[in-house]
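One structure is given here, and the rest of the page talks about it.
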């Protein structure tokens, strides 16, 4: 069955306790932690393949020194993935629930069995990893290789299952109309995203091993050169990244692709950072390390790993930003309002279902300002602050009050990656008065604005804007003209 919009009203943001991060944008709180977690997780997944490769080199006699490197790399891998990776993973769940419980709730509601499958793979990965760490030196060569194979396959399996859920947010595919979990899971960006991430995993593992190798005592320069040459094949898949990146972009919706390729200056900048950083890393790995067999010292490996971290951050920013104005495309807006709810909330008001009072209600001189703060909390605070990251005061504080009213009412037309305003005319006026009050540095007195003529103008502007995203509104207008 297709998802029933009527089944989603309980996902309103006001159905959950609200957390305020002050000048730190809520999206930055989860995004910053997410970058660390993704970086560590991808290193751990690639590390499984690298360890299996080196164990095979050692047992086949192709590289007798490989065994000496394996145990040292694995200790670092255990610490980063099983300690820091696990902590940031738990932190991701905690911040996801606090920042946008409706989004994570919808994901779990739709994909709970796939989440469970991913956790089983992660559990197998952890058990195999600790078993190798604890008993690896007592096992036969065949047993070591088998255990590392289980570890690496389980790690990749974890990536496989989580990739389907994350890519579903951007391109839910046939799930939107059929409600089929598998159509949502194997969505248009599933395969390019999976293959792209796999290449990144291999490169991060090679860079991590190069750092560890240069830090270990007891290896001569010639021995390090030999082992570094064995790492070079992990850079070769970088040659496919331009093709995979183009495939990924082509599979995205046209508007999302447009934001990345010039429609949004910030997203285009981050796209260029990610592409340029990847080209530098791939060029060094393929040409200098594999082709020319140059030596990579610890400083160079660390610098390339830092560049890779920057590329990871830029890539995750692009992945998140490309979904705008949605957190789940065509299903849930970034402020956790469903498209089907916008029209009704313009009649009933977004505050009608908000049971949580303001902790600092006495700081606001009028009831209208308190209402404005609550509207901001429900509709704006996921992506904006008042003064801080992506601050509304900086973005619209200097606008005339009439301009504030019109631009917020026509929000999806003012900025194409913004969702439609989902509240009444009175709530919109309360919001713009609150932003104006904040811009004036919270004066002790502030006149209320309850003019019926103003409310009528706002209702007319909301009607002209429509309850749909701008591209959808354009399509509907075109359809009406055709009729």
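Only the coordinates and a few stated rules stand behind these numbers; no lab work does. Just so it is clear, the model here is predicted, and its values are computed rather than measured. Every residue, glycine among them, receives a Cβ derived from its backbone with ideal geometry; neighbour counts consider all protein chains shown.
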query: How high is the FRET efficiency between residue 254 and residue 72 when r is their beta carbon distance and R₀ equals 30 Å, given to the nearest 0.05?
result: 0.05
Neighbour-count ranking [beta-carbon atoms within 10 angstrom, fewest first] of 73, 212, 350: 212, 73, 350
- prompt: Using a simple spin-label model with points 7 Å from Cα along the Cα→Cβ vector, what separation in nm is obtained for residue 240 and residue 390?
  reply: 3.3 nm
Relative contact order of the range 337-482, pairs being alpha-carbon contacts under 8 Å that are 6 or more residues apart, as %: 32 percent
- prompt: Given a Förster radius of 30 Å and the C-beta distance between residue 140 and residue 226 as r, what FRET efficiency does 1/(1 + (r/R0)^6) yield to the nearest 0.05?
  reply: 0.75
statement: Length gained, residue 360-residue 440, 0.36 nm per residue minus C-alpha separation, equals 27.0 nm
query: Which of rounded, prolate, oblate describes the range 337-482, given a ≥ b ≥ c as roots of the alpha-carbon gyration tensor eigenvalues and a/c under 1.5 marking rounded, otherwise prolate only if a/b is larger than b/c?
result: prolate
field: Efficiency of FRET between residue 302 and residue 401 - r from beta-carbon atoms, R0 41 angstrom, step 0.05
entry: 0.20
field: Relative contact order of the chain, pairs being alpha-carbon contacts under 8 Å that are 6 or more residues apart, as %
entry: 18 percent
statement: Which of (1) 70, 57, 36; (2) 85, 49, 38; (3) 73, 57, 41 is the computed Cα extents along the principal axes in Å? It is (2)
